[in-house]
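The values are calculated or read from the model by the stated rules, or taken from the named source; none is laboratory data. Computed from a predicted structure; not experimentally measured. Here the Cβ positions follow ideal geometry from the backbone for every residue, glycine too, while neighbour counts run over all protein chains shown.
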Amino acid sequence: MTVAGRSRIYPVLMATEYPNPSAIVRAWWVIDLSGKTVGRAATQIATLLRGKHKPLFTPHLDVGDFVVCVNAEKLVFTGRKLDQKEYFRYTGFPGNTKHITARDLLVKRPEDVIKLAVKCMLPRNSLGRATFKKLKIYRGTEHPHGPQNPKPFQLSV
């Protein structure tokens, strides 16, 4: 179209297509955590939970997969984190902040070590809470998710 002697190109408007939530296919993955570093494992688990490994990843939709983690008691910390890292929780009463070292938490509740690491890597909103519910963590090798036929996932490094 010519306006006052100049040619003008009008852009073609295109709509972005988002995946339909009912059409999202969710896979089940099983990850063996024995001998794996906590932080490196947690980043890859968070990637699977959010669906960032899929080509149809959309930041505002939950397109991720289910992840089953086994052997949480065999996680490894690097350096001196096992004795120096502390986990805090607050009971709600004044002066009642509870501290526990990573070594003690790994003995008492090894599931919580990876659970807390992954939870901090997810968004802090309703989408992150929904994504976090797809994570299943078990202390040993046994898990009740056999009927879902989870595929083994090898963590890199």
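Residues that are more than 18 Å from Ile114 (Cα to Cα) and of a type outside the set (Lys, Arg) were ranked within the stretch 29-60; the one that is surrounded by the fewest Cβ atoms within 10 Å (Cβ to Cβ) is Pro55.
With the structure loaded, tell me whether Asp104 is assigned to a helix (DSSP H, G or I), farther than 27 Å from Val30 by Cβ and of a type outside the set (A, V, I, L, M) or whether it fails that test. Yes, satisfied. The set of residues in the stretch 62-75 that are in contact with a Gly (Cβ under 8 Å, 6 or more places away or on another chain) and part of a loop (DSSP other than H, G, I, E, B) comprises Asp62, Val63, Gly64, Asp65, Asn71.
For the stretch 116-127, filtering for residues that are surrounded by 17 or more Cβ atoms within 10 Å (Cβ to Cβ) and part of a helix (DSSP H, G or I) leaves 3. Kindly provide the set of residues from the stretch 76-92 that are part of a loop (DSSP other than H, G, I, E, B) and either out of contact with any helix residue (DSSP H, G or I) (no Cβ under 7 Å at 6 or more places or on another chain) or in contact (Cβ under 8 Å) with a residue 40 or more places away in the chain (or both), ordered by number. Scanning the stretch 76-92 gives Phe77, Thr78, Gly79, Arg80, Thr91, Gly92. Please list, ordered by first then second residue, the pairs with beta carbon atoms under 7 Å, 6 or more apart or interchain, first in the stretch 139-157 and surrounded by 10 or more Cβ atoms within 10 Å (Cβ to Cβ) and part of a loop (DSSP other than H, G, I, E, B), second among the aromatic types (Phe, Trp, Tyr) and modelled with pLDDT of 95 or more. Qualifying pairs under 7 Å: His145/Trp28; Pro150/Trp28; Pro150/Trp29; Phe153/Trp29.
Only one of (1) within 21 Å of the chain's Cα centre (by Cα); (2) surrounded by fewer than 16 Cβ atoms within 10 Å (Cβ to Cβ); (3) free of Cβ contacts under 8 Å to residues at least 12 places away in the same chain; (4) over 15 Å from Val70 (Cβ atoms) fails for Ala130. Which number is that? Every listed condition holds for Ala130 apart from (3).
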